Each structure stands twice: as structure tokens, then as C-alpha cells.
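A.B. asks: First, the structure itself, so that you have it in front of you.
The values are calculated or read from the model by the stated rules, or taken from the named source; none is laboratory data. The structure presented is a predicted model; accordingly, all values stated were derived computationally and were not measured. So basically every Cβ, Gly included, is an ideal-geometry build from the backbone, and we count neighbours across all protein chains shown.
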Amino acid sequence: MNPLTLKQHALWLRAVEEFNRKQFYICHETLETLWRDTNEETLKRLLQGVLHIAVALYHLDRNNAVGYELQMKKGLVKLNAGLRVPSDLPIRNDLIVFYREVADFNRMRKSHIPMLRFNASAA
């Protein structure tokens, strides 16, 4: 698997910042741009997973329980499927941690929304 291009790396960093600022709709837009910019299937699946989770949290902010449940389920399934494929993608380890935290958040209905982390030294 090829590493992220400079453009993809910049978009990923922007999406991480937007997610962590709880700007979930804007994050969704950034991730969609990044998703369209890649042809690598594992990366696309991982990005789709994070994108669905961002949309789920957007619905949660608006008290839309049905939208939250639907998007969270899609996000966790896509993220899990992408993480099952071995790769040297620099964001993979961060997404493993994120997946576990989001799954725990969803299961326990914790009040603290997980952060999307990025280890810049791994890029």
C-alpha cells in the first residue's frame, strides 16, 4: 500500500482537527474529499468508516437517535473491515485505537466523545 500523498496527508490532518473540534459535518465533507482522492480500497474503506462515525456524531448532536444508530453501525462495520486487512498505512494504528474507543463509546453511551488521533511521526 502506498503512503498518503502530501495532499491526502494535509486533508487527513484537517479532518482530524475538525473531528476533534466536534465539527462533524465539516469533517464529513473533508473525509469525502479525501475518499474521492484515493483509489486504494483499504484506505477508502477506513475513510468511509470514519466518515460514517462523524455523521453519526453529527446526528447525536441533533438528538437524532435513529440517524446516530444507523450511521454508527455503518461506520463501525466499515472501519472494522478495513482494519482486518494488513497494511502499512501510516494512520492504521491510530485507527485501531479509535475503533476500540468508538465501539466502547457506542456500547456504554459515555459522555466523552473519543478523539481522532494522529501520530505524525508515523506518516
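A.B. asks: Picking from R107, R62, R92, R84, which residue would you name as being modelled with pLDDT of 90 or more and of a type in the set (D, E, K, R)?
C.D. replies: After applying the criteria, what remains is R62.
A.B. asks: Using the structure shown, decide if G75 is of a type in the set (G, A, S), modelled with pLDDT under 90 and under 12 Å from the mean Cα position of the chain (by Cα).
C.D. replies: Details: of a type in the set (G, A, S): yes; modelled with pLDDT under 90: no; under 12 Å from the mean Cα position of the chain (by Cα): yes.
Spelling it out, it is not the case that G75 is of a type in the set (G, A, S), modelled with pLDDT under 90 and under 12 Å from the mean Cα position of the chain (by Cα).
A.B. asks: Okay, moving on. Which of the residues that make up region 11-23 are surrounded by fewer than 20 Cβ atoms within 10 Å (Cβ to Cβ) and either among the aromatic types (F, W, Y) or on the phi > 0 side of the Ramachandran plot (or both)?
C.D. replies: K22
A.B. asks: Now for a separate question. Is it the case that region 35-49 has a residue that's touching a Phe, Trp or Tyr at 6+ places or on another chain (Cβ under 9 Å) and of a type in the set (D, E)? Please lay out each step first, then the result.
C.D. replies: So the first thing to find is which residues in region 35-49 are touching a Phe, Trp or Tyr at 6+ places or on another chain (Cβ under 9 Å), and the list is 43-44, 47-49.
So of that shortlist, the ones also of a type in the set (D, E) come out as none.
No; the residues of region 35-49 include none that is touching a Phe, Trp or Tyr at 6+ places or on another chain (Cβ under 9 Å) and of a type in the set (D, E).
A.B. asks: Output the number of residues of region 62-85 satisfying the condition of being within 13 Å of E41 (Cβ to Cβ) and either loosely packed, with under 14 Cβ neighbours inside 10 Å or not basic (K, R) (or both).
C.D. replies: At the first step, the residues of region 62-85 found to be within 13 Å of E41 (Cβ to Cβ) are 78, 81-82, 84-85.
Of the ones still in play, those that are also either loosely packed, with under 14 Cβ neighbours inside 10 Å or not basic (K, R) (or both) are 81-82, 84-85.
Qualifying residue count, region 62-85: 4.
A.B. asks: Which residues, counting only those in region 1-12, are in a loop (DSSP other than H, G, I, E, B) and in contact (Cβ under 8 Å) with a residue 40 or more places away in the chain?
C.D. replies: Filtering region 1-12 down to residues in a loop (DSSP other than H, G, I, E, B) leaves 1-5.
The answer is M1, P3, L4.
A.B. asks: Tell me whether region 45-61 contains one or more residues that are charged (D, E, K, R), surrounded by fewer than 16 Cβ atoms within 10 Å (Cβ to Cβ) and more than 16 Å from F98 (Cβ to Cβ). Lay out the reasoning, then the answer.
C.D. replies: Filtering region 45-61 down to residues charged (D, E, K, R) leaves 45, 61.
Keeping just the survivors that are surrounded by fewer than 16 Cβ atoms within 10 Å (Cβ to Cβ) gives 61.
Then drop every residue that is not more than 16 Å from F98 (Cβ to Cβ), which leaves 61.
There is at least one residue in region 45-61 that is charged (D, E, K, R), surrounded by fewer than 16 Cβ atoms within 10 Å (Cβ to Cβ) and more than 16 Å from F98 (Cβ to Cβ).
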